[in-house]
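Just below is one structure, and these are the notes that go with it.
Bear in mind these aren't lab numbers, they're just calculated from the coordinates by the rules spelled out. The structure presented is a predicted model; accordingly, all values stated were derived computationally and were not measured. Please note: Cβ atoms are built from the backbone with ideal geometry, for glycine as well, and neighbour counts cover all protein chains shown.
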Amino acid sequence: MAEKKHNAYGATYTVLAEPHLSSELARLANPQSFGNTDIVSIQPCASPTERSQDRFVVRDWVLSDGTWRFHAVCDGHAGHDAVDHVVATLPAMLHAALAEGLEAGPLGPPEVSEILRRVIADVDEKVKQEFLDLFPGGPDAIAALSDDDIAAIINDDDANNAKTLRCMRGTTVLVALISPTLHLWVASLGDCLAVLGVKQPSGEWDTSVLSSNHNGADPEEAARIRNEHPGEDECMLRDRVLGAIAVTRAIGDFLFKLPTIYTTRVFMNAQPGFRFSTNIAEFLGRNLTPPYLSAQSDVQHVYIPSLGATEAFLVLASDGLLDLCGETYGFDVPSVCGKKWVEVLSGEGLSGNAALYLLRNAMGEDADRISSMLTVESQERWMDDTTVIFVKLV
């Protein structure tokens, strides 16, 4: 019979030994492979209310100049509505924009970069406009409506409710786009991480972080928000926007992008309501000159053949993998973690699904600790959703 233990919080977990430990990790992480791409995504908590809000998309698009590869990781928060909407709409919008652009001839790196920025921002703008169209008179019209009037509009169990809920939730977006000639673009919105590993002819491996860290703990992002809201000392508080949310850029999250009347009169009357750890009334008083969150992504471009690489791969990961690195390696700085990931994936002994291999390494060597992460008997989540995509480039 498997040994049972209790963690520091008194919750029961089952001690697993190899090979059961690795097989249970694989079961929960559901490793998948598509061509030269390996994927895992894990949230061990079995409670239906705590199911993972991470999403990933892998697509091959045959366009006029050859096959383009699209990979994305989206880390949803506060609910599933925004992230589900993004994975349902963003790939098709980007595919259409690329196809249209290529009709006029070859697209250079700046043009593709601009298409990525524009399409991601357009997804957010469309989410906002579809919601605002429910109240064509704007804030004045909302102020004249009763709570019952508003509820009747937004809680229709149909399209209006969906338009409202996706505004109340949010998601980060990390996209990798690879052209037929191995141009690589990475667009980042939020705090997921993209890392490029390149092996030089000398045998040495170079590491490049191709994503931005759009998080309140990042000094540049915090300074940007303060500069956009001069005189508002609490626009950034405790490394969080308005003292409430860690990410500084995202799709959705319109309680940080619209005047407070939309939250107090509309969002607060929506069903289902917020699943938010911060007291909404406490930070709404700081919402003076929205928007505070941005939907403008950063895009980096790399032409892989110009690097002289004998091997190259790309890792896309939600910030749950960064959290695991902090717990296991003792550091959670993206550049340091990225170097560690390249070291792990370029070393000896890698076999099978590379994304699963990296996840297992990030969990460490303590079987008892890993057992606790995988088997704790709790209805509340104890680790962040974690998704990893590994793409072999060369």
Exercise. Of Trp61, Tyr13, Cys74, which is farthest on the positive side of the dipole of region 1-85, counting Cα position, with +1 on Lys and Arg Cβ, -1 on Asp and Glu Cβ, and the Cα centre as origin?
Worked result: Tyr13
For this session: At 7 Å along the Cα-to-beta-carbon direction for both Glu377 and Glu343, put a label point, then send me their distance in nm to one decimal.
Result: 3.9
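For the chain, what is the convex hull (Cα atoms) projected area averaged across all directions, in square nanometres? It would help to have the intermediate numbers written out before the result.
Values: hull surface 87.0 nm².
Computing the convex hull of the Cα atoms and averaging its projections yields 21.7 nm².
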Seminar exercise, completed: Here the gain from full extension of Ser64 to Asp157, 0.36 nm per residue of separation minus their alpha-carbon distance, amounts to 29.3 nm
Seminar exercise, completed: Across all Cα atoms of region 183-293, Rg and the largest Cα-Cα distance (Dmax), in Å, are 18.0, 63
Problem set entry | Given charges at beta-carbon only (K, R positive; D, E negative), |dipole| of the chain in Debye | 340
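Suppose the chain between Arg226 and Ser335 were pulled fully straight at 0.36 nm per residue; how much longer would it get relative to their current alpha carbon spacing? Don't jump to the answer; show the numbers that get you there.
Details: separation 109, 0.36 × 109 = 39.24 nm, distance 2.49 nm.
Extra length available between Arg226 and Ser335 comes to 36.7 nm.
Convert 20 °C to kelvin, take the viscosity as 1.002 mPa s, use the Kirkwood radius over C-alpha pairs of region 69-224 as Rh, and evaluate the Stokes-Einstein diffusion coefficient in µm²/s, rounded to a whole number.
Details: Rh = 18.2 Å.
Calculated translational D: 117 µm²/s.
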For this session: Quick one: which residues, 5+ away or cross-chain, put their amide H under 5 Å from the amide H of Glu311? H built at 1.01 Å from N.
Result: Lys199
For this session: Add +1 for every Lys or Arg and -1 for every Asp or Glu among the other residues with Cβ under 11 Å from the Cβ of Ala17, and state the total.
Result: -4
Problem set entry | Derived scalar couplings ³J(HN,Hα) [region 143-152; Karplus, 6.51 cos²θ - 1.76 cosθ + 1.60; whole Hz; x for Gly, Pro] | 4, 8, 8, 7, 4, 5, 4, 5, 4, 5
Problem set entry | Cα gyration tensor of region 172-239 - equivalent ellipsoid semi-axes, whole Å, descending | 34, 14, 9
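Applying 1/(1 + (r/R0)^6) with R0 = 51 Å to the Cβ-Cβ distance of Gln296 and Asp368, what FRET efficiency is obtained, to the nearest 0.05? Write down the numbers at each step before the final one.
Values: r = 44 Å, r/R0 = 0.87.
That pair, Gln296 with Asp368, gives E of 0.70.
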Problem set entry | Contour excess over end-to-end distance, with Cα ends at Arg275 and Ala246 and 0.36 nm allotted per residue | 8.9 nm
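Sorted by mean Cβ packing within 10 Å, highest first, what order do the peptides 82-89, 382-389 take? Can you show the working numbers first?
Details: 82-89: 21.2, 382-389: 22.9.
Highest-to-lowest ranking by the protection proxy: 382-389, 82-89.
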Problem set entry | Spin-label pair Asn7/Ser146, simplified geometry with 7 Å Cα→Cβ offset, distance in nm | 4.8
For this session: Enumerate lysine pairs in the chain that are 8 or more residues apart or on different chains, then count those whose Cα atoms are under 21 Å apart.
Result: 10
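Once you charge only the Cβ atoms, +1 for Lys and Arg and -1 for Asp and Glu, what is the size of the charge dipole of region 11-138 about its Cα centre, to the nearest 20 debye?
On the way: 9 positive and 19 negative charges, 47 e Å.
Charge dipole, region 11-138, about its Cα centre: 220 debye, nearest 20.
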Exercise. Which cross-chain or sequence-distant (5 or more) residues have an amide H under 5 Å from the amide H of Arg249, H modelled 1.01 Å from N in plane?
Worked result: Gly190, Ser294
Problem set entry | Phi to ³J(HN,Hα) by Karplus 6.51 cos²θ - 1.76 cosθ + 1.60 over region 221-236, Hz, x for Gly, Pro | 5, 4, 5, 4, 5, 5, 5, 6, 9, x, x, 9, 4, 9, 5, 10
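Could you sort the peptides 125-137, 308-320, 355-367 by per-residue average Cβ neighbour count (10 Å cutoff), highest mean leading? Kindly include the intermediate steps, with their values, before the conclusion.
Values: 125-137: 15.2, 308-320: 22.2, 355-367: 19.5.
Top of the packing list down: 308-320, 355-367, 125-137.
Return the calculated 222 nm mean residue ellipticity for the chain, to the nearest 500 deg cm²/dmol, obtained by summing -39500 (n - 2.57) across DSSP H runs with n ≥ 4 and dividing by the residue count.
Working: 12 runs with 137 residues, N = 394.
Result for the chain: -10500 deg cm²/dmol, rounded to the nearest 500.
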